[in-house]
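Accompanying notes for the structure given below.
The values are calculated or read from the model by the stated rules, or taken from the named source; none is laboratory data. The structure displayed is predicted, hence computed values, not measured ones. We place every Cβ from the backbone using ideal geometry, glycine too, and count neighbours over all the protein chains shown.
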Amino acid sequence: EAQVTQNPRYLITVTGKKLTVTCSQNMNHEYMSWYRQDPGLGLRQIYYSMNVEVTDKGDVPEGYKVSRKEKRNFPLILESPSPNQTSLYFCASSPHGAAQPQHFGDGTRLSIL
Amino acid sequence: RKEVEQDPGPFNVPEGATVAFNCTYSNSASQSFFWYRQDCRKEPKLLMSVYSSGNEDGRFTAQLNRASQYISLLIRDSKLSDSATYLCVVNQNAGKSTFGDGTTLTVKP
């Protein structure tokens, strides 16, 4: 089954404790992207990757890091999480960029205390 | 001003009604456009791509007006199952993707 898999689905943690949210897709897509969604708002793009070893900032990259060492994986790293990073996070992928429809993971609910 | 702005919701309509949403964008160089549907903070799912020539899929019609810089979504004969949040997406280049804040639709019996 074609899918985008995020882990964990839910996480409650404390300020300053480094965490990684993993994202993996099995569709051989070149493009992957991370978004956060806060109440009453649409999705805001954090980082995106056009292909392996190519990453770019989205609209809200501060406090986040990403890497794209393999085509299928695009982890989101919070080196020193803060409460304002409490949010619902989505990973997405598409065959060749944002001009094509994106397939989304189920989401990760992060709470940072 | 936001790059992408959607009609403020919520829209509450009876079953069978026709409802239309608009979404305006500020960057005239925007290249691609979509409508997604999101249920109760679950993952967004593609509803339709949007083209200048228009795009129809059953009860749903999407239009793009480049001159006025807006996209629209028309839902005819609304069903209870159409209740959701509808997100417009505007892409400025190959990688950057901007979502609207969403419009909530509730279809009532």
Note to self: Quick check on my filter: what residues within the range A:12-63 are of a type in the set (A, V, I, L, M, F, W, C) and assigned to a strand (DSSP E or B)?
What the structure shows: A:I12, A:L19, A:V21, A:C23, A:M32, A:W34, A:L43, A:I46, A:M50, A:V54
Checklist line | Answer residue from the range B:37-70, given it is part of a strand (DSSP E or B), of a type outside the set (S, T, N, Q) and away from chain A (no Cβ under 14 Å) and is surrounded by the fewest Cβ atoms within 10 Å (Cβ to Cβ) among those | finding: B:E56
Next item on the list: Select, from B:F21, B:F34, the only residue that is within 24 Å of A:D59 (Cβ to Cβ), in contact with a strand residue (DSSP E or B) (Cβ under 9 Å, 6 or more places away or on another chain), modelled with pLDDT under 95 and assigned to a strand (DSSP E or B).
Entry: B:F21
Next item on the list: Mind listing just one residue for me: the one in the range B:81-109 that is at the interface with chain A (Cβ under 9 Å from one of its Cβ atoms) and in a loop (DSSP other than H, G, I, E, B) and, of those, surrounded by the most Cβ atoms within 10 Å (Cβ to Cβ)?
Entry: B:G100
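Filter the range A:99-113 for residues that are of a type in the set (A, V, I, L, M, F, W, C), within 11 Å of chain B (Cβ to nearest Cβ) and surrounded by fewer than 21 Cβ atoms within 10 Å (Cβ to Cβ) and give the result.
Listed by number, the list holds a single entry, A:A99.
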Notebook entry, point to check: How many of the residues making up the range A:74-98 are within 26 Å of B:F33 (Cα to Cα) and surrounded by fewer than 19 Cβ atoms within 10 Å (Cβ to Cβ)?
Noted result: 3
Check: When residues of the range B:1-36 are filtered for being farther than 13 Å from B:L73 by Cα, surrounded by 17 or more Cβ atoms within 10 Å (Cβ to Cβ) and without any contact (Cβ under 8 Å) to a residue 60 or more places away in the chain, how many remain?
Finding: 1
Note to self: On the basis of being in contact with a Phe, Trp or Tyr (Cβ under 6 Å, 6 or more places away or on another chain), of a type in the set (D, E, K, R), at pLDDT 95 or above and assigned to a loop (DSSP other than H, G, I, E, B), does A:R68 make the cut?
What the structure shows: yes
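This table checks each residue for (1) among the β-branched types (V, I, T); (2) exposed (fewer than 15 other Cβ atoms within 10 Å of the Cβ).
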residue	(1), (2)
A:V4	yes, no
A:Q25	no, no
A:R36	no, no
A:G42	no, no
A:E53	no, yes
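Within 10 Å of the chain's Cα centre (by Cα) and over 17 Å from A:S94 (Cβ atoms): which single residue out of B:A84, B:A62, B:A67 fits that description? Full working, then the answer.
Values: B:A84 fails: within 10 Å of the chain's Cα centre (by Cα); B:A67 fails: within 10 Å of the chain's Cα centre (by Cα).
After applying the criteria, what remains is B:A62.
Residue by residue through the range B:27-59, note down the ones that are of a type in the set (D, E, K, R) and under 10 Å from the mean Cα position of the chain (by Cα).
B:R37
Checking the condition under 13 Å from B:P44 (Cβ atoms) and at pLDDT 95 or above, which residue from A:F74, A:F90 passes?
A:F90
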